[in-house]
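See below for the structure under consideration.
The values are calculated or read from the model by the stated rules, or taken from the named source; none is laboratory data. Note that the structure is a prediction, hence the values are computed from the model and not measured. Cβ atoms come from the backbone with ideal geometry, glycine included; neighbour counts cover every protein chain shown. Calculation scope for accessible area: heavy atoms of the full protein, side chains included, ligands and nucleic acids excluded. Shrake-Rupley method; radii C 1.70, N 1.55, O 1.52, S 1.80 Å.
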Amino acid sequence: MKKNINTKIPNILFLFTDQQRADTLSCYGNTEINTPNLDKLANSSFVFENAYVSQPLCTPARSTILSGTYPHTNGCTTNNIPLDISIPTIAELVDSNYHRAYFGKWNLGDEVIPQHGFTHRISIDDGYRTWYSNKKYLEKLSDHTKFLENLGYVPDEERFGAKVFSRQMSCNLPVEHTKASFMAKEINSFLNTNKENPFILYAGFFEPHPPYSGPLNKAYNPGILKTPPHFLKKPDANASYINQITAEYYSSLKKYDGSPISKTQDWKQLRANYYGNVSLIDQAVGNILDHLEEIGIADNTIVVYTSEHGEHLGDHSTLEKGLLYEESI
């Protein structure tokens, strides 16, 4: 393949998902999820066996990924705390020749505007409007919302003075209209425009974050999926109190984020749906990696793939993240 001779310094493409467990990839032992593109990437990459998050929660983990500092150092110790302007991100530290772009979920304050050194911004979520620091930002809706409206979709939720798309609706669209596919298309458009210049591009995918549902819900048979020994097993009396009460909380629910969880078969279906969203990400990543090859810059692009933290997915009778189990961290 012909290399991009005009680029003297490597491009950086940082792809990270939201709430994806390490064991959803074949390079970490999964034999059930169909992820050919991520498998191909892993087979040509360094694969780190022991990588742990700074804190298994969205904003704190993202603050570390972007700045290289611990949450207790940068101040983002829980969700929806803005990353202070005094904390530089990688976009503010790299060579000034880099074009700096951020696509997708940000969750570090003022979701829809370019900031912290990133000069090109494509946003996908309007769920953080409550925490915007300036009223003028409320006039701007996410790029994914505008994309859906242009296709004729009608927003189904009101959020702080604006009609927006609920996560339930935006996650259950046809594959080509999901956030993952939208991001892949937008990223490839950016690559076309910037292939002759060095760039650093961070892509924060939303999937497979809850709601545990998506267009590939039927891709996996929940009845034959393997479950670990601690699936739906509550922590014993020697476990920490927070682990015990969290398990009791989820065990008492009939539904969570729209998904029924009152029966074992419900939890297995939720697991299958989550696997479908991992495959959705695989398709989007495959589109991006193939495009790098097509436009001749793959050999000069450093690709990093990771997730901000994991997901319990019914293990230890819990969902989401936040606890210091391996599945979460």
>> Using a 10 angstrom Cβ neighbour count of at most 14 plus a DSSP loop assignment to flag exposed chymotrypsin sites (Phe, Trp or Tyr not before Pro), which longest range of the chain is free of such sites?
In response: 161-329
> Per the helix-only calculation at 222 nm, which mean residue ellipticity applies to the chain, given -39500 (n - 2.57) for every DSSP H run of n ≥ 4 and division by its residues, nearest 500 deg cm²/dmol?
Replying inline: -8500 deg cm²/dmol
> Can you flag which of 40/185; 146/218; 179/233; 135/255; 233/321; 8/40 are past 24 Å Cα-Cα?
Replying inline: 146/218; 179/233; 135/255; 8/40
>> For a quick check of your reading of the filter: which GluC sites (Glu not before Pro) in the stretch 26-113 sit in a DSSP loop and have no more than 12 other Cβ atoms within 10 Å?
In response: 49
> Cα gyration tensor of the stretch 204-324, axes a ≥ b ≥ c as square roots of the eigenvalues: rounded (a/c below 1.5), prolate (a/b > b/c) or oblate?
Replying inline: prolate
>> I want to check the label-to-label distance for residue 8 and residue 73. Put each point 7 Å from Cα in the C-beta direction and report it in nm to one decimal.
In response: 3.2 nm
>> Which of 19, 265, 168 ends up with the largest GNM mean-square fluctuation for the chain, with Cα atoms connected below 10 Å?
In response: 265
> Relative contact order, percent, of the stretch 34-176 when contacts are C-alpha pairs under 8 Å separated by at least 6 residues?
Replying inline: 14 percent
>> Under the rule of at least 5 residues apart or a separate chain, name every residue whose amide H is placed under 5 Å from the amide H of residue 307.
In response: 17
> Under 5 Å between amide H atoms, partner at least 5 residues away or on a different chain: which partners does residue 172 have, H built in plane at 1.01 Å?
Replying inline: none
>> Please check: in the Gaussian network model of the chain (C-alpha springs, under 10 Å), which one of 120, 144, 312 has the largest mean-square fluctuation.
In response: 120
> Ignoring ligands, DNA and RNA, how do 138, 25, 201, 324 rank by accessible area with a 1.4 Å probe, largest first?
Replying inline: 324, 138, 25, 201
> With Cβ to Cβ distances under 9 Å as the rule, what net charge do the other residues near residue 171 carry (K, R +1; D, E -1)?
Replying inline: +1
> Ordering 85, 242, 65, 288 from largest to smallest accessible area (1.4 angstrom probe), what's the sequence?
Replying inline: 85, 242, 65, 288
>> Rolling a 1.4 angstrom probe over the protein chains, ignoring ligands and nucleic acids, what is the accessible area of residue 321 in square angstrom, nearest 10?
In response: 30 Å²
> Which far-off residues, 5 or more places away or on another chain, put their amide H under 5 Å from the one on residue 99, with H placed in the peptide plane?
Replying inline: 199, 200
>> Order 169, 183 by their accessible area, 1.4 angstrom probe, all chains in place, largest first.
In response: 169, 183
